[in-house]
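What follows is a short report on a single structure.
Readers should treat all values here as calculations from the given coordinates under stated rules, not as data from a laboratory. Here the structure is a predicted model, which is why all the values come from computation and not from measurement. Positions of Cβ are generated from backbone atoms using ideal geometry, with glycine treated the same way; all protein chains shown enter the neighbour counts.
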2 protein chains.
Amino acid sequence: MKNVLDRNRDMAARVRDILSARGIRMINMISSPGAGKTSLLEVICEKLSGEIRMAVIEGDVATDRDAQRLKKYDIPIVLINTGGGCHLDSNSIDIALREFDLHSLDVIFVENVGNLVCPAHFDLGENFKLALVSTTEGDDKPIKYPMLFREAGAVVLNKTDLMDCSGFNRQTFISDLDNVNSQVPLFELSCRTGEGTDAFMEWLKLSISK
Amino acid sequence: MKNVLDRNRDMAARVRDILSARGIRMINMISSPGAGKTSLLEVICEKLSGEIRMAVIEGDVATDRDAQRLKKYDIPIVLINTGGGCHLDSNSIDIALREFDLHSLDVIFVENVGNLVCPAHFDLGENFKLALVSTTEGDDKPIKYPMLFREAGAVVLNKTDLMDCSGFNRQTFISDLDNVNSQVPLFELSCRTGEGTDAFMEWLKLSISK
């Protein structure tokens, strides 16, 4: 296991060098299955694809369903099917990068495999990890799955429109998240209704242009 | 990896022998984080703990929150914290079994780590895997995470009370599940409202008494 992680770290450093030399940012999106990674990418494409040159690496255990959902935005997409594998690694990112024209990109979004545990352990060469969690999963995720939230550069709480009918306790969530990572910015939004997405887009644009 | 799986399979056979010799059934509950494994256990405890002698093995990456939620039912519980590990293995089950009085049990429920990918690969010595999925995760889970649904002895679709406001397409879900596993029984229910839980309890009692 140590060997695997060491090799992954070395390749992540290489990916980071390649992207940094071209001024491209990379954001590693991690969440449980169904928390809304693809939905958030749809909102990002709709709101920002006119002003920011973006590409997506889609990681999935099986099928191309998420990639299909993004096709209409006419951005470069590379699909990685892990064939049962529970996370992306930096080697698969290195290979995926060869499919893009790196001279014409500002940012690459990586949609990791839907899994709140394993992807948190694997550096892909990203600038930061974006942790997504949805209100319908319950308010206890930061404290029960602390690795990801400790490492995240930002947290998005999705499905705020379902907060009340899910019995989600916002104060518990915020207080637990603060205990795990008191520095991380939190964005509460609903990809379905659009509520809260503008504030996140403003922050995202800033973080991409840095 | 093959070595790890081989050793896990051997120990799972040992666990299966131990339980089978005492007429104890074991059910391995697997789902995404927040789909409702603990909530379903609460319903099971409330409805069946008077007539069936049950115990729970709680698998969690961190914290004892789920075990705490079940404490009020006065059943034997063993907590396994994986310390970042993404699934339970048969060795940890073998160790946990030593904490129970195996002469006074009909069934052991194992609540696996919240993860739709890795736990599907590890036989724990269970009689069957119970796959849980909730409507709020979206209708595409069986086709996107097929390993678990292919292996499952039963599927529970939880949070039916949130089906409409989640935009969940029931026909898509059922048709995808049928493509992945046409034999598996499906129970649609809501742990919150109780809707559909009686039919599942009847089936569960039968499957335990077999």
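Here are some notes:
- For the stretch B:1-121, the extents of the C-alpha atoms along the principal axes are 42, 34, 19 Å, listed from largest to smallest.
- Local net charge near B:E58, Cβ-Cβ under 13 Å (Lys/Arg +1, Asp/Glu -1): -1
- Projected-area average for the protein assembly as shown over all orientations - Cα convex hull basis, square nanometres: 19.5 nm²
- Lys-Lys pairs in chain A that are eight or more residues apart or on separate chains and whose Cα atoms lie under 14 Å of each other come to 4.
- The charge dipole of the stretch A:70-210, taken about its Cα centre with unit charges on the Cβ atoms of Lys, Arg (+1), Asp and Glu (-1) only, comes to about 100 debye.
- 5 angstrom amide H check on B:I80, placed H, neighbours 5+ away: B:E58, B:G59, B:D60
- Cut-off 15 Å between beta-carbons: net charge of the residues surrounding B:Q68, Lys and Arg +1, Asp and Glu -1: -4
- Working from label points 7 Å from Cα in the Cα-to-Cβ sense, the B:R22 to A:R150 distance is 3.5 nm.
- Residues whose amide H comes within less than 5 Å of that of B:D106, counting only those at least five positions distant or on another chain, are B:R53, B:M54 (H built at 1.01 Å from N in the peptide plane).
- Förster radius 51 Å - calculated FRET efficiency between A:W203 and B:A199, Cβ distance, rounded to 0.05: 0.65
- When +1 charges are put on Lys and Arg Cβ atoms and -1 charges on Asp and Glu Cβ atoms, the dipole computed for the stretch A:1-64 relative to its Cα centre reaches about 380 debye.
- Contact order for the stretch B:2-209, expressed relative to its length and based on alpha carbon pairs under 8 Å spaced 6+ residues apart, stands at 25 percent.
- Residue-averaged [θ]222 nm for the protein assembly as shown, counting only DSSP H segments that reach four residues, each worth -39500 (n - 2.57): -11000 deg cm²/dmol
- Counting from the shortest, the label point at A:R98, 7 Å from Cα toward Cβ, is 5.0 nm from the same position in each remaining copy.
- Nonlocal amide H pairs with B:E188, under 5 Å, H built at 1.01 Å: B:L157
- Along the stretch B:161-166 the Karplus relation, 6.51 cos²θ - 1.76 cosθ + 1.60 evaluated at θ = phi - 60°, assigns HN-Hα couplings of 5, 9, 4, 5, 6, 8 Hz to successive residues, with x for each Gly and Pro.
- For the pair A:Q171 and A:D101, a Förster radius of 45 Å applied to the C-beta separation gives a FRET efficiency near 0.45, rounded to the nearest 0.05.
- Net charge contributed by nearby residues that have their C-beta within less than 10 Å of B:I174 (K/R +1, D/E -1): -3
- Helices of chain A meeting both criteria, an alpha-carbon length of 20 angstrom or more along the long axis and an average Kyte-Doolittle score not below -1.0, with helices taken as full DSSP H segments, are A:2-21.
- With respect to the axis relating copies A and B by rotation, the chain A residue whose beta carbon is closest, plus that distance in Å, is A:T136, 2.
- Taken over the alpha carbons of the stretch B:155-207 as equal point scatterers, the Debye sum produces base-10 log I(q)/I(0) values at 0.15, 0.22, 0.23, 0.31 Å⁻¹ of -0.46, -0.89, -0.95, -1.17.
- Per-bin percent of Cα-Cα distances, the stretch B:2-209 [10 Å]: 9, 36, 38, 15, 1
- Ranking A:F173, B:G59, B:V133 by Cα position along the charge dipole of the protein assembly as shown, where only Lys, Arg, Asp and Glu carry charges on their C-beta atoms, puts B:G59 farthest toward the positive end.
- Of A:E46, A:E195, A:E151, the one that fluctuates the most in a GNM where chain A has Cα springs shorter than 10 Å: A:E46
- GNM flexibility winner over chain A from A:L48, A:L130, A:L148 (Cα, springs under 10 Å): A:L48
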